[in-house]
Amino acid sequence: MKRVLITITLILFTTTHSFAISKVGTTAAQFLKIGAGARAIGMGSAFVAVANDVSAVYWNPAGVARLDNNEVVLLHTEWLADVSYDFLAASINMGNMGAIGFSITSVSMDEMEVRTELEPEGTGEFFDAGDIAASLCWSRNLTDRFSIGFNAKYIRQKIWHMSASGFAVDVGTMFTTQFNGMRIGMSITNFGPNMKMSGRDARDYIDVNPNAIGSNDQIPAYLSMDSWSLPITFRVGAAMDAYKDPHNCLTIALDALHPNDNSESVNFGLEYGFQDWAFIRLGWQSLFLPDDERGSFLGGSGSGEAYPTNAGVGFSYSFNPNLKIKLDYAYADFGRLENTQRFSLGIEF
């Protein structure tokens, strides 16, 4: 098993290597890069080694096997440019058979008026666009310290009469060390074939030989559409409870990211919990990433200022040993693009 995991990691890491070229904007299904779960976002998206709630379906499927109870989470975000982002995930613990989970991610927008070069004020038609991804996860604890998980997902993007469909696989592992319970996590997400748009909007009418007498300018033709790779991301990180007693817990987490459509970067996050019912979170995202629009220190916007890009709070209340409600909020700074705010509701049963 260890040899298989090492081989998969090396192959996929080589595939996603960018050779110092960021390739920004050269992948399809960019909505897959929007982080899920207000808790994880509040920690600066440093979550691959934490992954101890149902949002692990997105960050590291290996973490799903470590959930003691069944869990559901609902998240809504008013994303940038009046785009709505919604995420639903659930997990079921099956004991010795491991755990299964599923998730649905949806990105939608209001209708917009169709404008052309000849009719810049609008043609009277309207179009919309939307993306959706559905995933199914299986995870299992191979030992009391080592877990593995797999996630298969269906992806679809649509804009007006054009659409593209594809599928991808996520692989994740998690290992608990003997050094103060430190966890080490790894995940490779969105590994799959390229996606290509198709539909009637690619149809056009041309004149094959406009210089010929009697030539027909209504010959149907189709524009050739290029295919684009998915936004594959390799994450590796570590998390540890730096301080813990019966009433307080301080968790620190650090993730290193290697995407196939951008430069490498680092996420760092903190979470302080009081009696397992109130939480405060702070995080810095995309550290050392060149030309990043989001605020950060040691790089990013280039200002050199030290200020948090992400922050959040959370509350947890147990009605009885078999029912717990969790409410989380996260704020993420996007610099000149202002900010996004996420709210998520979790139910543990």
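The values are calculated or read from the model by the stated rules, or taken from the named source; none is laboratory data. This is a predicted model, so every value here is computed, not measured. Note: ideal-geometry Cβ built from the backbone for every residue, glycine included; neighbour counts use all protein chains shown.
Filtered by the rule that a residue be of a type in the set (Ser, Thr, Tyr) and either without any contact (Cβ under 8 Å) to a residue 60 or more places away in the chain or not assigned by TED's automatic domain parsing to the domain that holds TRP59 (or both), segment 71-102 gives SER84, TYR85, SER91.
Residues of segment 118-160 being among the polar types (S, T, N, Q), more than 26 Å from VAL236 (Cβ to Cβ) and assigned to a strand (DSSP E or B), which ones? Correct list: GLN157 only.
One line per residue, one yes/no per condition, for (1) more than 27 Å from ILE188 (Cβ to Cβ); (2) at pLDDT 85 or above; (3) of a type in the set (Phe, Trp, Tyr); (4) touching a Leu at 6+ places or on another chain (Cβ under 6 Å):
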{"site": "PRO259", "(1), (2), (3), (4)": "no, yes, no, no"}
{"site": "TYR272", "(1), (2), (3), (4)": "yes, yes, yes, yes"}
{"site": "SER301", "(1), (2), (3), (4)": "yes, no, no, no"}
{"site": "PHE315", "(1), (2), (3), (4)": "yes, yes, yes, yes"}
{"site": "ASP328", "(1), (2), (3), (4)": "no, yes, no, no"}
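Of the residues ASP255, ASP170, ASP245, the single one that is more than 25 Å from PHE288 (Cβ to Cβ) and charged (D, E, K, R) is ASP245.
Which residues, counting only those in segment 319-340, are among the charged types (D, E, K, R), under 18 Å from ALA81 (Cα atoms) and surrounded by 15 or more Cβ atoms within 10 Å (Cβ to Cβ)? ASP333, the sole residue that qualifies. All conditions but one from (1) modelled with pLDDT of 95 or more; (2) closer than 30 Å to MET112 by Cα apply to TRP228; the one that does not is (1). Within segment 27-47, is there a residue that is outside the structural domain of SER163 (by TED's automatic domain parsing), aliphatic (A, V, I, L, M) and at positive phi? So far as segment 27-47 goes, yes, one or more of its residues are outside the structural domain of SER163 (by TED's automatic domain parsing), aliphatic (A, V, I, L, M) and at positive phi. Pairing each residue of segment 173-184 that is of a type in the set (D, E, K, R) with any residue that is buried (at least 18 other Cβ atoms within 10 Å of the Cβ) and outside any strand (DSSP E or B), provided the two are 6+ apart or on different chains, yields C-beta distances under 8 Å for ARG183/ALA49; ARG183/VAL50. Scanning segment 258-277 for residues that are buried (at least 22 other Cβ atoms within 10 Å of the Cβ) and under 23 Å from GLY192 (Cα atoms) yields PRO259, ASP261, ASN262. Residues that are under 19 Å from GLN157 (Cα atoms), loosely packed, with under 12 Cβ neighbours inside 10 Å and in contact with a strand residue (DSSP E or B) (Cβ under 7 Å, 6 or more places away or on another chain) within segment 210-225 comprise just one, LEU223.
Is it the case that ARG281 is modelled with pLDDT under 90, among the basic types (Lys, Arg), in the same structural domain as ASN339 (by TED's automatic domain parsing) and more than 30 Å from TRP160 (Cβ to Cβ)? In short, no.
Screening segment 160-206 for residues that are among the acidic types (Asp, Glu) and modelled with pLDDT under 95 and picking the one that is surrounded by the fewest Cβ atoms within 10 Å (Cβ to Cβ) gives ASP204. ALA242 - would you say it is in a strand (DSSP E or B), of a type outside the set (Lys, Arg), farther than 30 Å from MET162 by Cβ and in contact (Cβ under 8 Å) with a residue 40 or more places away in the chain? Considered against the rule, which asks whether it is in a strand (DSSP E or B), of a type outside the set (Lys, Arg), farther than 30 Å from MET162 by Cβ and in contact (Cβ under 8 Å) with a residue 40 or more places away in the chain, ALA242 comes out as no.
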